[in-house]
1. Quick check on the stretch 61-88: of everything there that is of a type in the set (A, V, I, L, M) and at pLDDT 90 or above, which residue is farthest from E221 (Cα to Cα)?
2. From the list T129, T97, which one is hydroxyl-bearing (S, T, Y), crowded, with 20+ Cβ neighbours inside 10 Å and either on the phi > 0 side of the Ramachandran plot or touching a helix residue (DSSP H, G or I) at 6+ places or on another chain (Cβ under 6 Å) (or both)?
3. Looking at L72, L41, L60, which is the one that is closer than 22 Å to T225 by Cα and not in a strand (DSSP E or B)?
4. Does S83 fit the bill of being touching a residue at least 40 places away in the same chain (Cβ under 8 Å) and touching a strand residue (DSSP E or B) at 6+ places or on another chain (Cβ under 6 Å)?
5. With the structure loaded, tell me whether S114 is of a type outside the set (D, E, K, R) and touching a residue at least 12 places away in the same chain (Cβ under 8 Å) or whether it fails that test.
6. Which of the residues that make up the stretch 87-108 are part of a strand (DSSP E or B), in contact (Cβ under 8 Å) with a residue 24 or more places away in the chain and out of contact with any Phe, Trp or Tyr (no Cβ under 7 Å at 6 or more places or on another chain)?
7. For the stretch 109-154, name all the residues that are under 18 Å from the mean Cα position of the chain (by Cα), among the aliphatic types (A, V, I, L, M) and either outside any strand (DSSP E or B) or more than 21 Å from W71 (Cα to Cα) (or both).
8. What's the number of the only condition in (1) within 12 Å of the chain's Cα centre (by Cα); (2) crowded, with 19+ Cβ neighbours inside 10 Å that R198 fails to meet?
Amino acid sequence: MPIILRALPAAALALAVLCSLAATPALAASTDAAATALRPLKAFDAEYRLKVKDWPGATLTHRISHEGRHWLSEMRFSIAVASGQERSRFSADDEATHSLHYYSGYSLFGVGDSYELADADIDTLDRQTALVDLARRAGRENCTESAPCDIHFVDHRGRDENFEYYAAGTRQIKVPAGTFEALTVVLLDAEKTDRETRISYQPDYPGLIVDASYWKDGKRETHITLTQLNRQ
């Protein structure tokens, strides 16, 4: 899959090569149920500016919506020579997020492919659901730079992948859509130590990315910034 299309799910999301991720770390020890409950979901429509090295910039749309008993997360982008989309249906409660169905497709110069996973094909979480799940968990576990949490997810073909992550703190970030309080999560590939993905989430809207970047050999390869937000 071309690199700009692999950047589509941004995330978990993770950018360019990592795509979106699913986190399944142990929660920090606590007897307070409210302290360990995952962040509640909220619907939104967002647009990001996607910049991938050696490719023209693109607008990436991102929608999370509530559909009866389940949720839908969907991302799309299109430029002159390429287009792509990725969507997932999932359920969520205070303790977990569960994948129900996943679809992704892309086209480059009129040639493309698509992938689909049913819940039975997904051992952990799919990439779109994982983007949301990581945002719901981040900062609520004892995941530090010296002791990061493990991350498990399946890619668009259903293949298992494993990474690590830690929360790098909360700060205000100014982007074209405004100024937001954002929690930054750092994603690491233990087998490729020269690579790092940083995703800054808006905690009140799990899955909403304020700013994200993918780095290789100390150079930024991919960058996403929030340009427009419509809260539902």
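The values are calculated or read from the model by the stated rules, or taken from the named source; none is laboratory data. All values reported here derive from a predicted model rather than from experimental measurement. Virtual Cβ from ideal backbone geometry, glycine too; neighbours counted across all protein chains shown.
1. Step one: list which residues in the stretch 61-88 are of a type in the set (A, V, I, L, M), which gives 64, 72, 75, 79-82.
Next, from what is left, pick out any that are at pLDDT 90 or above: 64, 72, 75.
Details: I64: 26, L72: 29, M75: 20 Å.
Result: L72.
2. Numbers: T129 fails: either on the phi > 0 side of the Ramachandran plot or touching a helix residue (DSSP H, G or I) at 6+ places or on another chain (Cβ under 6 Å) (or both).
Of T129, T97, the one residue that is hydroxyl-bearing (S, T, Y), crowded, with 20+ Cβ neighbours inside 10 Å and either on the phi > 0 side of the Ramachandran plot or touching a helix residue (DSSP H, G or I) at 6+ places or on another chain (Cβ under 6 Å) (or both) is T97.
3. Details: L72 fails: not in a strand (DSSP E or B); L60 fails: not in a strand (DSSP E or B).
Criteria check complete, one pass: L41.
4. Numbers: touching a residue at least 40 places away in the same chain (Cβ under 8 Å): no; touching a strand residue (DSSP E or B) at 6+ places or on another chain (Cβ under 6 Å): yes.
In short, no.
5. Details: of a type outside the set (D, E, K, R): yes; touching a residue at least 12 places away in the same chain (Cβ under 8 Å): no.
No; evaluated as a whole, the condition is false for this residue.
6. We begin by selecting, within the stretch 87-108, every residue part of a strand (DSSP E or B); these are 87-92, 97-108.
Checking the rest, the ones that are also in contact (Cβ under 8 Å) with a residue 24 or more places away in the chain come to 87-88, 90, 92, 97-100, 102, 104, 106-108.
Residues satisfying the conditions are Y102, Y106, S107, L108.
7. I122, L125, A130, L131, V132, L134, A135, A138, I151, listed by residue number.
8. Status for R198: all satisfied but (2).
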